[in-house]
Amino acid sequence: MPFEGLTDRVAIVTGAASGIGLATAGRLVKEGAKVALVDVDGAGVESAAAGIGSDSAIALSGDASDEQDVARYFGAVKERFGRVDLLHNNAGIGGQPVPLAETTMEDFDRLVRINFRGVFLNLREMLRTALDQGDGATIVNTASGTALHGVPGLGAYAGTKAAILSLTRNAAVEYAQNGIRVNAVVPGPVGTPLFEAFPDEFQAGAEQFNPQGRRGTPDEIAAVVAFLLSDESTYITGAAYNVDGGEGA
């Protein structure tokens, strides 16, 4: 059975050229939504949208961490579909595991810019859009299990993901009276290009640590995102859903 309340809703999914973002975009289209796939990889996101194979999926090139770009692609979606109802605030980067003492400021600043500034900018634009439209909105931010437990080599990355959880809670409380819901998904290891760029031994260790002994799939995360964006979850806001094979237990 499809989730209630997604048919004909208009969604933006950032970081949608691959991985969790692409899986979410595909799931939302199957649920009847109109979806704008956004990614800094213009060719990749065009291919991703074409692969979904629906007139309800469009591709937009854009840098989720650039203020002007965010305003531009939100504007393009409004021009195409008339409004924006849903946001999967998903764009992010990883990088190679590095001890904190060896983390360069260049790498740190890049993580903060894309993983936190980018989430903030898209959240803010969706909030402004929803307030202007006057009839609510639903937002899901992508965090990470690394925000909840220490992972050697991922300290700076984990810090940006922990910041997303705080931002999620604050936005949920501030705008609940406006009919705006804001939640987060907290994935464990998932078979995405970001995770698969880690060294083989790091990937193997992550799977060994996982209670289910495996990595998740993008579709497993997308199913929870779709639920949180739907009207099946109307009494849920400010929550962080672990989708991690039991790691957060």
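The values are calculated or read from the model by the stated rules, or taken from the named source; none is laboratory data. Predicted model only: the values in this text are computed from it and were never measured. Neighbour counts are summed over all protein chains in view; Cβ atoms, including those assigned to glycine, are modelled from backbone coordinates with ideal geometry. What goes into the accessible areas is simple: the full protein's heavy atoms, side chains included, and nothing from ligands, DNA or RNA. Shrake-Rupley method; radii C 1.70, N 1.55, O 1.52, S 1.80 Å.
Summary table
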read-out	value
The stretch 1-15 residues that are closer than 27 Å to Gly92 by Cβ, paired with ones that are of a type in the set (Ser, Thr, Tyr) and open to solvent by less than 90 Å² (accessible area, probe 1.4 Å) (beta carbon under 6 Å, 6 or more apart)	Phe3/Ser230; Gly5/Ser230; Leu6/Ser230; Val13/Thr24
Within the stretch 2-24, considering residues that are hydrophobic (A, V, I, L, M, F, W, C) and part of a strand (DSSP E or B), the one surrounded by the most Cβ atoms within 10 Å (Cβ to Cβ)	Val13
Members of the stretch 107-143 that are without any contact (Cβ under 8 Å) to a residue 24 or more places away in the chain, more than 18 Å from Asp63 (Cα to Cα) and assigned to a helix (DSSP H, G or I)	Arg128, Asp132
Residue list for the stretch 25-53, restricted to those being among the acidic types (Asp, Glu) and crowded, with 24+ Cβ neighbours inside 10 Å	Asp39
Which listed residue, of Thr146, Thr104, is hydroxyl-bearing (Ser, Thr, Tyr) and open to solvent by 50 Å² or more (accessible area, probe 1.4 Å)	Thr104
Unmet criterion (only one of (1) open to solvent by less than 20 Å² (accessible area, probe 1.4 Å); (2) free of Cβ contacts under 8 Å to residues at least 60 places away in the same chain; (3) assigned to a helix (DSSP H, G or I)) for Ala184	(3)
